[in-house]
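Down below is the structure, laid out as structure tokens.
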């Protein structure tokens, strides 16, 4: 095991979001047939926090996150899918990684802040490809992914947080056309919260720990 593990503390969406994400993923794969499917190695999710943590401290990370969830109110974690957007992939010119952008409630932002503080004692910088899961289909970890996790706090958290569900990648022309279509915003709920080890392009590759966090239930 590497000294560091690239982890994603994430929310697992309900069937409403899973259905929308799955339909968009099918459209993405019409543009890029060799693109990834949403499956056990590409779990649809809304990231709350990505960090490099010491592998030897993973059990302590799980305990710290569980402690935060013990004081969380699942009913305050309101989410709404509002549009499709993409970011270009430097390693694949002409293609973009697309996501369903999610509008988070203040409860979600508060939870993220609590998680950042809880795992900070176990965080280290200097993560490499060895901190990730690789597969035969995706044997490499690109520099964009490595740098993204390194700078997640503060670059993609707090006021810079853009909640989203990654749904696939496609040609840029295809994405521009897709994003130009009318979009029906929709509310959805959190079905659970989990910690995954990351793969390339921020995919949730390997489940490490999971909690039930449905509205109306206790973690």
Requested in this report: Have a look at 190, 165 and point out the one that is within 30 Å of residue 118 (Cα to Cα), buried (at least 20 other Cβ atoms within 10 Å of the Cβ) and in contact with a helix residue (DSSP H, G or I) (Cβ under 6 Å, 6 or more places away or on another chain).
Outcome: 165
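Give me the residue from the range 139-151 that is under 18 Å from the mean Cα position of the chain (by Cα) and outside any helix (DSSP H, G or I) and, out of that set, surrounded by the most Cβ atoms within 10 Å (Cβ to Cβ).
Ranking the qualifying residues of the range 139-151, first place goes to 141.
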Query raised in the report: Residues in the range 79-107 that are touching a residue at least 40 places away in the same chain (Cβ under 8 Å) and closer than 29 Å to residue 122 by Cβ: how many?
Result: 5
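Out of all the residues in the range 94-103, is one or more more than 21 Å from residue 44 (Cα to Cα), at pLDDT below 95 and part of a loop (DSSP other than H, G, I, E, B)? Can you show your working first?
Initial filter on the range 94-103 (more than 21 Å from residue 44 (Cα to Cα)): 94.
The next check asks that each one be at pLDDT below 95; those that pass are 94.
Imposing the further condition that a residue be part of a loop (DSSP other than H, G, I, E, B) reduces the set to 94.
Yes, the range 94-103 contains at least one residue that is more than 21 Å from residue 44 (Cα to Cα), at pLDDT below 95 and part of a loop (DSSP other than H, G, I, E, B).
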Query raised in the report: Pick from 154, 187: which is closer than 25 Å to residue 107 by Cα and not in a strand (DSSP E or B)?
Result: 154
**Report entry** Breaking point among (1) out of contact with any strand residue (DSSP E or B) (no Cβ under 6 Å at 6 or more places or on another chain); (2) crowded, with 16+ Cβ neighbours inside 10 Å; (3) more than 29 Å from residue 140 (Cα to Cα), for residue 77
**Finding:** (1)
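Could you list, in sequence order, all residues of the range 52-61 that are within 14 Å of residue 194 (Cα to Cα) and either in contact with a helix residue (DSSP H, G or I) (Cβ under 7 Å, 6 or more places away or on another chain) or surrounded by fewer than 17 Cβ atoms within 10 Å (Cβ to Cβ) (or both)?
Let us first name the residues in the range 52-61 that are within 14 Å of residue 194 (Cα to Cα), namely 58-59, 61.
59, 61 - these are the residues of the range 52-61 that are within 14 Å of residue 194 (Cα to Cα) and either in contact with a helix residue (DSSP H, G or I) (Cβ under 7 Å, 6 or more places away or on another chain) or surrounded by fewer than 17 Cβ atoms within 10 Å (Cβ to Cβ) (or both).
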**Report entry** Test: residue 63 is part of a helix (DSSP H, G or I), more than 27 Å from residue 150 (Cβ to Cβ) and without any contact (Cβ under 8 Å) to a residue 12 or more places away in the chain
**Finding:** no
Query raised in the report: Could you count how many residues in the range 1-43 are out of contact with any strand residue (DSSP E or B) (no Cβ under 9 Å at 6 or more places or on another chain) and either under 23 Å from residue 119 (Cβ atoms) or crowded, with 18+ Cβ neighbours inside 10 Å (or both)?
Result: 2
Query raised in the report: Out of the range 112-133, which residues are in a helix (DSSP H, G or I) and under 17 Å from residue 61 (Cα atoms)?
Result: 112, 113, 114, 115, 116, 117, 118, 119, 120, 121, 122, 131
Query raised in the report: Restricting attention to the range 44-55, does a residue exist that is in contact with a strand residue (DSSP E or B) (Cβ under 9 Å, 6 or more places away or on another chain), in a helix (DSSP H, G or I) and touching a residue at least 40 places away in the same chain (Cβ under 8 Å)?
Result: yes
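Conditions tested, residue by residue: (1) modelled with pLDDT of 95 or more; (2) over 18 Å from the mean Cα position of the chain (by Cα).
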site	(1), (2)
30	no, yes
47	yes, no
50	yes, no
57	yes, yes
62	yes, no
65	yes, no
84	yes, no
**Report entry** Residue ID - farthest from residue 176 (Cα to Cα), chosen from residues in the range 86-103 that are surrounded by fewer than 20 Cβ atoms within 10 Å (Cβ to Cβ) and within 18 Å of the chain's Cα centre (by Cα)
**Finding:** 103
Query - Which listed residue, of 72, 136, 91, is touching a helix residue (DSSP H, G or I) at 6+ places or on another chain (Cβ under 8 Å), outside any helix (DSSP H, G or I) and closer than 27 Å to residue 22 by Cβ - result: 91
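The values are calculated or read from the model by the stated rules, or taken from the named source; none is laboratory data. Note that this is a predicted model, so its numbers are computed, not measured. Positions of Cβ are backbone-derived with ideal geometry, glycine not excepted, and every protein chain shown enters the neighbour counts.
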